[in-house]
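Contents: one structure, followed by commentary.
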Amino acid sequence: MAHTGNSSMHRSSSRPQLLDLSKAEIQGNVEEKYPSILLPNQSHDISYLALDIGGSLIKLVYFSRHQDQSTNDKRMRNVKNRLGFPSNRRSYPILGGRLHFVKFETRKISECLDFISSKKLHFGGGESRYSDGSTESNAIIKATGGGAHKFADLFKERLGLVLDKEDEMSCLVAGANFLLKAIRHEAFTHMEGQKEFVQIDPNDLFPYLLVNIGSGVSMIKVDGDGKFERISGTNVGGGTYWGLGRLLTKCESFDELLELSQKGDNRNTDMLVGDIYGGMDYAKIGLSASTIASSFGKATSEKKGLEDYRPEDISLSLLRMISYNIAQIAYLNALRFGLKRIFFGGFFIRGHAYTMDAISFAIHFWSNGAAQAMFLRHEGFLGALGAFMSYEKHGLDDLMVHQLVERFPMGAPYTGGNIHGPPLRDLNEKISWMEKFLQKGTEITAPVPMTRPGTTGLGGFEVPLSKGSILRSDASALNVGVLHLVPTLEVFPLLADPKMYEPNTIDLSDHSELEYWFKILSENLPDLMAKAVASEGGTDDAKRRGDAFARAFSAHLTRLREEPAAYGKLGLARLLEMREECLREFHFFDAYISIKQRENEASIAVLPDLLMELDSLDEETRLLTLIEGVLAANIFDWGSRACVDLYNKGTIIEIYRMSRNKMQRPCRVDDFDVFKERILGTGNKKPPPHRRALLFVDNSGADIVLGMLPLARELLRRGTEVVLVANSLPALNDVTAMELPDIVAEAAKHCDILRRAAESGGLLVDAMNTTLDSPRENSSSVPLMVVENGCGSPCIDFRQVSSELAAAAKDADLIILEGMGRALHTNLNARFKCDALKLAMVKNQRFAEKLIKGNIYDCICKYEPAN
């Protein structure tokens, strides 16, 4: 291969530059085989398409427009104006378009052409349209790989597409750079069957070594965007493995050869150090008896022919021989150029566990543990993604890691990019496909788990024990997530140390912990499905969609139970969000809507009595009563089985009063006295009020109306601006930012403090004209505002919050996190630059025992002064 130095991506202007990929999000769809990248700022009806046509596989990346879901709510716009938030910016989750990733076998190129035709990608979603409105029959699309030359005439003949060839290595590097900078857990290590995701600092990415193992091997030193050099390579690569393997085993496909290796035992063909030294180590030079001394060495000393050796053993020995040598050459080149990171990719890798283990073991061996082999979750699409980026103004260069949300594939956790039927045009076809797909069983579920292997040589393994007779070649392949590109997501500016921040409190790498949560989610599934169906009127259509949701979510849990790393680094926050995303996929947008409305109305009815009671108390007693009221009201959580059982035994008000009456100090974690001193001071010393408080609210009903709103009222009374922070999208019975203004408006009818603050904050409809068009009479009033957090989950990850929340945080000096999801399951250990109060009632016995050494219904009042 020719030496390429200091190359840069060619930005072709061969097509009208209408695509706006600037910053984005991953939305899985059951018909999409790989993550769809959502492009928030794209609103044109143009489709872009890029191809990487290799000798074995065709990788296709295409863009499709996604309907704008923006809202024009006057109250929310007014709050944004108050916060100094630019009015022309879109709110999460505005999704302008998607990047779809699909894969075909090159020998079945007709299927790829049919797919492009059925999606009308060669017409730009209808026709190839230029900015002046004209059209042209021969659309020009980007392509890379040898097949871009070989099949150029076929694409033009069948589809009228002209392939604009891009340099293969330039595309490969551009794709890798984008993924390593933009995806939080793109890279991972793989040792002895164990995957561990690695966080790469985008500011400390370069230089690195990219080892692309295709038919041959190229080793590329990457110094920056568009700056790379092929420093070495070898002609012993994937083609060598497949060619020799085919001759020696008579296998008909690469996948078949890989499957053979999983049943092999290299001790039958390789000569080990112990074979030479009578079963002893060669300790003097540091070689154990199990070290491979010579690949296929036993064939030289035994009077056997090819037919006397098992094809499985030959395949495994061949796989290790090639993997070890590539790894050694890679490490020597990394050592030569002082490169700390080595990433492996290419057709030869394809997520195969034994291949990755062999390469990893060899890197570890030759470097004495100083270096690690790393792999990329999206490595199969590096070239196609790079070709896509060769379009002008693609917008991906400026993408920040916090502006991408990686989510689990929706609908079904398939692996390997297999094509399962024609493109799906609507939800009905999707559900039909799901019903047919899940009935197959073997396709949707993950491969059988393998026992942890023992070693017999340099990275060698004993024969794996499997519960099934066949293990697919994509058995260990990680599911490629769906990338949502969300330009309005930002890192929460009040995190004390964003680089060290870890949202999840519970460690799901603990197998018993993971199994516990799988059990909880599975047990809650029938009730959730019933509520989802009821929220849509209980129609036959709703029942069918509900059944499809249950099938899909169960399949996700099955996949994760057998391969916890299938969707990347797994935390409880992502697990719970997966459930909500799965509901939305089947058009259940708010399963608890009727329950929330009923509980809000019941709580508003008793709010006046509660406020009157609070106003009769002295300030110290009132503050304690308010905190206890928040904790008591937090019992209303439909995500907790114990709480759901309680709801069947009484009304919302009865349960709230019972919960309040049982409140007693000290809490399991009790920092109330420290918080009280900061609010009220001691003796005659009165501290200044906080400038602005961010109150992260949890559930609808009593939780928000009888708990957090009275606390917000007290802060407002003391001169503190209050911003209620709520979900952007529904999750369980959590209140959303779109619902909060109406709740505040109803509460304001019973309280002048809330009414004046809501008017000042622009939350009351009858005050909108004054607020928006002319100066407010009571502009000096302390405002009560509402912002969305950028989430659709019971938890929150502060590495990715809405821009409006980030804007509100800039003047905040107090954070109050309420509820198990936001204050316990996530963020219990998070530290902030400002004062933080974490309030929650523990509604899970296992959590109580394991993390706070307490019992269910214990309470947390954790106060942490500014860090």
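The values are calculated or read from the model by the stated rules, or taken from the named source; none is laboratory data. Remember, it's a predicted structure, so these values are computed and weren't measured experimentally. As a convention, Cβ positions derive from the backbone with ideal geometry for all residues, glycine included, and neighbour counts pool all protein chains shown. Only protein heavy atoms, including side chains, enter the accessible area calculation; ligands, DNA and RNA are left aside. Shrake-Rupley method; radii C 1.70, N 1.55, O 1.52, S 1.80 Å.
Below are the figures for this structure:
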item: Solvent-accessible area, 1.4 Å probe, carbon plus sulfur percent, for the range 506-569; result: 52 percent
item: Solvent-accessible area per residue for the range 261-373 (1.4 angstrom probe, square angstrom); result: 45 Å²
item: Stretchable slack from Lys499 to Arg107, in nm (0.36 nm times residue separation minus alpha-carbon distance); result: 136.5 nm
item: The range 825-867 residues near the modelled Met663 label - backbone nitrogen below 18 Å, point 7 Å along Cα→Cβ; result: 837-843, 857-863
item: Karplus 3J(HN,Hα) series, Hz, for the range 322-332 with 6.51 cos²θ - 1.76 cosθ + 1.60 (x for Gly, Pro); result: 6, 4, 4, 6, 4, 5, 5, 5, 5, 5, 4
item: Where Lys284, Lys838, Lys119, Lys221 fall by accessible area, highest first, once all protein chains stay in place (1.4 Å); result: Lys284, Lys119, Lys221, Lys838
item: Translational D in µm²/s for the range 506-569 (Stokes-Einstein at 37 °C, 0.692 mPa s, Kirkwood Rh from C-alpha pairs); result: 255 µm²/s
item: Amide H within-cut-off set for Arg184, under 5 Å, with H built and near neighbours excluded; result: none
item: Met191 accessible area, 1.4 Å probe, all protein chains in place, Å² to nearest 10; result: 70 Å²
item: FRET efficiency, Glu849 to Gln194 (Cβ-Cβ, R0 25 Å, nearest 0.05); result: 0.35
item: The range 153-176-the range 349-376 distance, computed between alpha-carbon centres (Å); result: 31 Å
item: Karplus 3J(HN,Hα) series, Hz, for the range 282-293 with 6.51 cos²θ - 1.76 cosθ + 1.60 (x for Gly, Pro); result: 9, 4, 4, 10, x, 10, 7, 4, 8, 5, 6, 8
item: Candidate residues Ile593, Ile627: accessible-area rank, largest first, probe 1.4 Å; result: Ile593, Ile627
item: Base-10 log of normalised Debye intensity for the range 327-395 (one unit scatterer per alpha-carbon) at q = 0.28 Å⁻¹; result: -1.19
item: Residue order for Trp366, Trp242, Trp517 - accessible surface, 1.4 angstrom probe, largest first; result: Trp366, Trp242, Trp517
item: Heavy atoms of Lys662 accessible to a 1.4 Å probe, total area in Å² rounded to 10; result: 140 Å²
item: In order through the range 598-604: 3J(HN,Hα) via Karplus (6.51 cos²θ - 1.76 cosθ + 1.60), integer Hz, x for Gly, Pro; result: 5, 6, 5, 5, 5, 6, 4
item: Label point distance in nm, Ala605-Thr682, each placed 7 Å from Cα along Cα→Cβ; result: 4.6 nm
item: Sites Lys227 and Ala866 - FRET efficiency at Förster radius 41 Å, r taken between beta-carbons, to 0.05; result: 0.45
item: Accessible solvent surface per residue of the range 506-569, calculated while the other protein chains remain in place, 1.4 angstrom probe, Å²; result: 41 Å²
